[in-house]
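**Student:** Here it is, the structure in full.
The values are calculated or read from the model by the stated rules, or taken from the named source; none is laboratory data. From a predicted model like this one, the values you see are computed outputs, not experimental measurements. Backbone-built Cβ (ideal geometry, glycine too); neighbour counts: all protein chains shown.
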C-alpha cells in the first residue's frame, strides 16, 4: 500500500502536524490558532482524501483590520508599544494606583489602546496612529505614586494640575527616541479642560478623550472621586 506524507504548516512555516497515511484514506486536518487572527483554511485547498504527498499552509485573516493592510490592529499596536511596556521604569507603574484598584500601568495601556483604535477607525495617517499609541502609554508617566504622597501643595500645584508636565519630562528622560512635538503636546495637554490650554494636534484630542472615557469609573464609585481630594480614600 502506498503511503503519503502530509504536512500542515503555520503562517510562519512552523510545522503544526505531520502524518504518514495510506493512499485513499481520509485525512483529519488540525485547527490552528493564532492570536488576533481567524483561521479560514489551507493553501492549497485542503483535500480530505490522501492521493499524494502534500504540504498545506494555514491561512488567517485579522479579526480587526481597520486600514485593510492584512495585519491585525492588535498585533500592530503591541509592536509599537512593546518597548515601553517592557521597560524597567515603566513596569514600576504596575505598583502605582490610579483610580480605585486600577494600576497606572493598566490605565495607561487602556488609554493608549482605545485612542489607537479610534485613530485606526478614523483612517488617520500611519505616523499619527503610532504617535497616538505612544502618547497614550506615556500620558501619565509621572514621577511617583500620587496616592502615597502627603500633598500640602497649593491647589493649583496639586497632582491633577502638574502631573501632565511631569509625564512629559519623564518621557523625554526615558523614551527620548520616541518623542516628537505631537507626542509631547498630547502628553502635556491631555488634562484639558482642567489644564486650560487645549491640545494642538489630533493626537492630543484622541488621548484627552480616551483618558476621560477610561476614567469614567470615578463616576461609578464616589470613593474614587473622593480620592482626588482626600488622602483618607486613596
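Matching residues to (1) in contact with a helix residue (DSSP H, G or I) (Cβ under 9 Å, 6 or more places away or on another chain); (2) buried (at least 17 other Cβ atoms within 10 Å of the Cβ); (3) on the phi > 0 side of the Ramachandran plot:
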{"position": "74", "(1), (2), (3)": "yes, yes, no"}
{"position": "91", "(1), (2), (3)": "yes, no, no"}
{"position": "96", "(1), (2), (3)": "yes, yes, no"}
{"position": "116", "(1), (2), (3)": "yes, yes, no"}
{"position": "120", "(1), (2), (3)": "yes, yes, no"}
{"position": "123", "(1), (2), (3)": "no, no, yes"}
{"position": "127", "(1), (2), (3)": "yes, no, no"}
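So that you can scan it fast, the table gives a plain yes or no per residue for (1) at positive phi; (2) crowded, with 16+ Cβ neighbours inside 10 Å:
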{"site": "8", "(1), (2)": "no, yes"}
{"site": "15", "(1), (2)": "no, no"}
{"site": "40", "(1), (2)": "no, no"}
{"site": "48", "(1), (2)": "no, no"}
{"site": "55", "(1), (2)": "no, no"}
{"site": "70", "(1), (2)": "yes, no"}
{"site": "107", "(1), (2)": "no, yes"}
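**Student:** Still on this structure: Taking the criterion of being surrounded by 15 or more Cβ atoms within 10 Å (Cβ to Cβ) and touching a residue at least 40 places away in the same chain (Cβ under 8 Å), would at least one residue in region 21-33 satisfy it?
**Tutor:** Within region 21-33, not a single residue is surrounded by 15 or more Cβ atoms within 10 Å (Cβ to Cβ) and touching a residue at least 40 places away in the same chain (Cβ under 8 Å).
**Student:** Right, next: Quick one: which of 57, 63, 26, 31 is touching a strand residue (DSSP E or B) at 6+ places or on another chain (Cβ under 9 Å), more than 30 Å from residue 125 (Cα to Cα) and modelled with pLDDT under 95?
**Tutor:** After applying the criteria, what remains is 31.
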